[in-house]
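The values are calculated or read from the model by the stated rules, or taken from the named source; none is laboratory data. These numbers were taken from a predicted model, which means no experiment stands behind them. We place every Cβ from the backbone using ideal geometry, glycine too, and count neighbours over all the protein chains shown.
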């Protein structure tokens, strides 16, 4: 039993360290994008966030960003959202695809850590070609 225990603990420790080393995107962000819930996504906005939604670019407060994102979701109700790429260490980024009834969108967001909490500093939504 002891011979099995040591390798298992070692492998689990490596996995834990690997997860700490790579910036992780909170699952709530993906869930909020998938459900079209601007309140959930905005809860991860930094106090000032850069939003680029289609052709409109804004640097706005967290509250204004929530209203802008809510307006986008009211016009484009998500059917599905999947993160296709993610990475980074100091700044973590995610790229995903959102499917709606009317169009498909590519979503890019960047997070930075403030007071041990990852916050979105930039969110871009573009039509997917």
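What the table below lists for this structure:
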| quantity | calculated |
| --- | --- |
| So residue 43, is it at pLDDT 95 or above, surrounded by 11 or more Cβ atoms within 10 Å (Cβ to Cβ) and closer than 23 Å to residue 88 by Cβ | yes |
| Counted residues, the range 74-92 - those being within 14 Å of residue 29 (Cα to Cα) and in contact with a helix residue (DSSP H, G or I) (Cβ under 9 Å, 6 or more places away or on another chain) | 5 |
| Filter pass, residue 33 being assigned to a helix (DSSP H, G or I) and either touching a strand residue (DSSP E or B) at 6+ places or on another chain (Cβ under 8 Å) or modelled with pLDDT of 95 or more (or both) | yes |
| Lone qualifier among 58, 48 - being touching a strand residue (DSSP E or B) at 6+ places or on another chain (Cβ under 9 Å), surrounded by fewer than 16 Cβ atoms within 10 Å (Cβ to Cβ), modelled with pLDDT under 95 and assigned to a strand (DSSP E or B) | 58 |
| Any hit, the range 73-93, residues being within 16 Å of residue 54 (Cβ to Cβ), under 10 Å from the mean Cα position of the chain (by Cα) and either surrounded by fewer than 18 Cβ atoms within 10 Å (Cβ to Cβ) or without any contact (Cβ under 8 Å) to a residue 24 or more places away in the chain (or both) | no |
| Contacts under 6 angstrom Cβ, first residue in the range 94-108 being touching a residue at least 40 places away in the same chain (Cβ under 8 Å), partner loosely packed, with under 15 Cβ neighbours inside 10 Å, 6 or more apart | 96/82; 96/84 |
